[in-house]
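Working notes, beginning with the structure itself.
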Amino acid sequence: MASLNRCSFIGNLTRDPEVKFLTNGEAVANCSIAVNESWKDKNGDKQERVEFVNITFYRRLAEIAGEYLKKGSLIYVEGRITTEKWTDKEGKERYTTKIVANEMKMLSSKSSGAGSFEVVENQAPARSAPAAKPAAPAAGPSTGSGQVRNFDNFDDDIPF
């Protein structure tokens, strides 16, 4: 039977990403986003709920997150959900659920400190991708490993 582990979120960062490097030199960035939900109850009163989602980025995606994302940045994240089991200081077993991101889009405006880049990370571990430069516009809409698309450099001669 086939299965699928894929989820996507849009939310604001609750803190700056924390970037660390593994012994093999691979970057890992951890952060959390707040995902807001609002609705009207049966009485017509507005209700709100906030879910906090832990996000982990790897490799080039982690480097880009550490460089460009700041607390409050609005991002779109797509990835797979994972649950890790660990033991705390008192010996109790604990569980942490997080999203391992393989795609991220920065949705905040330039005035809030983030650009409008789209970043896609290919999770194929056997290939190493060339490092992408976020400031350079990508040629075409392909979504290769570590590809960064810069949507800020459009010409102003659009006819409508």
Output the qualifying pairs, or none if there are none: Cβ atoms under 8 angstrom, residues six or more apart or on different chains, first residue in region 24-44 and touching a residue at least 24 places away in the same chain (Cβ under 8 Å) and more than 21 Å from residue 8 (Cβ to Cβ), second residue of a type in the set (Val, Ile, Thr) and part of a loop (DSSP other than H, G, I, E, B). none
Is it the case that some residue within region 34-41 is hydrophobic (A, V, I, L, M, F, W, C) and touching a helix residue (DSSP H, G or I) at 6+ places or on another chain (Cβ under 7 Å)? no
Going by the structure shown, is residue 21 touching a strand residue (DSSP E or B) at 6+ places or on another chain (Cβ under 6 Å), surrounded by 11 or more Cβ atoms within 10 Å (Cβ to Cβ) and touching a residue at least 60 places away in the same chain (Cβ under 8 Å)? no
Per the filter on region 56-103, residues assigned to a strand (DSSP E or B), crowded, with 20+ Cβ neighbours inside 10 Å and either in contact with a Lys or Arg (Cβ under 9 Å, 6 or more places away or on another chain) or at pLDDT below 90 (or both) are 75, 77, 79, 99, 101
State yes or no: is residue 52 in contact (Cβ under 8 Å) with a residue 24 or more places away in the chain, part of a strand (DSSP E or B) and surrounded by fewer than 12 Cβ atoms within 10 Å (Cβ to Cβ)? yes
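The values are calculated or read from the model by the stated rules, or taken from the named source; none is laboratory data. Fair warning: this is a prediction, and the values are worked out from it, not measured in the lab. FYI the Cβ positions are ideal-geometry reconstructions off the backbone, even for glycines, and counts take in every protein chain you see.
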